[in-house]
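Undergrad: My structure is below; once you've seen it, I'll send some questions.
The values are calculated or read from the model by the stated rules, or taken from the named source; none is laboratory data. Keep in mind that this is a model prediction, so the values were computed, not measured. Note that we place each Cβ from the backbone using ideal geometry, even for glycine, and neighbour counts take in every protein chain shown. Side chains included, ligands, DNA and RNA excluded: accessible areas come from the protein's heavy atoms. Shrake-Rupley method; radii C 1.70, N 1.55, O 1.52, S 1.80 Å.
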Amino acid sequence: MKPAHFDYLRPATLDEALALLAERGEDARVIAGGQSLVAMMNLRFARPAALIDINRIAGLDQHWQDGSVLRIGALARHAALAASPLVRELAPLMAAAYPHVAHHAIRNRGTLAGNLCHADPASEMPAVLLALDGELRLRSVRGERIVKAADFFIGPYTTAAQADELLVEVAIPARSVGHGFEEMSIRQGDFALTLVASTLGIRGGRIVSATLAYAGVDAHAIRCPQAESILVGEPPSDAVFERAASAAAASITPASDQHADAEYRLDLIRTLTPRALRSAAATAPAG
Ligand SMILES: Cc1cc2nc3c(=O)[nH]c(=O)nc-3n(C[C@H](O)[C@H](O)[C@H](O)COP(=O)(O)OP(=O)(O)OC[C@H]3O[C@@H](n4cnc5c(N)ncnc54)[C@H](O)[C@@H]3O)c2cc1C
């Protein structure tokens, strides 16, 4: 199928883009890599009256270190981030997850910001951002606000961003933690049936911080505080990782769909969680 008619607008500056978003409101959609939006338009799930193409706006494709924070601009492509030594150094969990995101051709065009705004419930990067306590900088003609990842994903394909807001930057604090990422999908590069993204901070032989985020098991990517709290204060061990996995399975209620039933997704939570935690323990800096 082909998309319905739309106006194509190509601002040269961020201010122009924000003015167009303010003017066209709910009628308009930003287009970045187009890897999700164009498919939605072709299927007529999305029928924006106007597309605001941000690809000509200079400077948005950068990512850089700002003190102990990794900052990623709105047009940073998946492929650039997947290959980035800075991402490997400051956000190794993101680097570990990237091979699971789609395929080379899609990663060449698709952006991290577009991926987060699309908010697919089975997508990798929302869970990664949750596990890393990331933040999103949203800008409109009304001003700017910072939204924590924990408050950004609010439903399937739904975020806290308003229609006139542009996600201009993603910020990830670099932490002295280990990381683990595990995913089951039908084929390499598919969206996840279930995935787990985790970090562990270990000091003096005990877990001092733990994050566990899941996708593919709820309406949007989620953290699991019930499982995280079991880990903190304990020495890392298979036994405590299994207990955390059981707590996660007990507190998450996945849905069944054409790809997998709920019971299989619970099995995946029980199986993948200890694997991710073992990787996180193995990569945690000594302290
Ligand atoms: C065959 C295929 C397989 C895929 N597999 C996976 C996968 O396994 N895992 C995965 O995570 N993704 C997967 N994707 C999606 C891919 O990661 C997309 O690149 C990504 O979801 C969207 O990024 P984009 O830059 O292309 O965004 P676009 O398609 O341009 O936009 C997506 C949405 O975000 C909005 N948007 C974009 N940028 C901004 C911004 N800066 N501010 C506000 N709103 C914005 C748009 O208006 C639109 O609603 C797959 C895609 C395809 C086609």
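Undergrad: When you scan the stretch 183-203, do you find a residue that is surrounded by 24 or more Cβ atoms within 10 Å (Cβ to Cβ), in contact with a Ser or Thr (Cβ under 8 Å, 6 or more places away or on another chain) and polar (S, T, N, Q), even just one?
TA: So far as the stretch 183-203 goes, yes, one or more of its residues are surrounded by 24 or more Cβ atoms within 10 Å (Cβ to Cβ), in contact with a Ser or Thr (Cβ under 8 Å, 6 or more places away or on another chain) and polar (S, T, N, Q).
Undergrad: Another question, if that's okay. For the stretch 206-246, how many residues meet the condition of being open to solvent by 70 Å² or more (accessible area, probe 1.4 Å), part of a strand (DSSP E or B) and in contact (Cβ under 8 Å) with a residue 60 or more places away in the chain?
TA: 1
Undergrad: So, one more: Looking at the stretch 63-82, is at least one residue modelled with pLDDT under 95, more than 10 Å from the ligand (Cβ to nearest atom) and open to solvent by 70 Å² or more (accessible area, probe 1.4 Å)? First the steps, then the outcome.
TA: Of all residues in the stretch 63-82, those modelled with pLDDT under 95 come to none.
Looking through the stretch 63-82, none of the residues is modelled with pLDDT under 95, more than 10 Å from the ligand (Cβ to nearest atom) and open to solvent by 70 Å² or more (accessible area, probe 1.4 Å).
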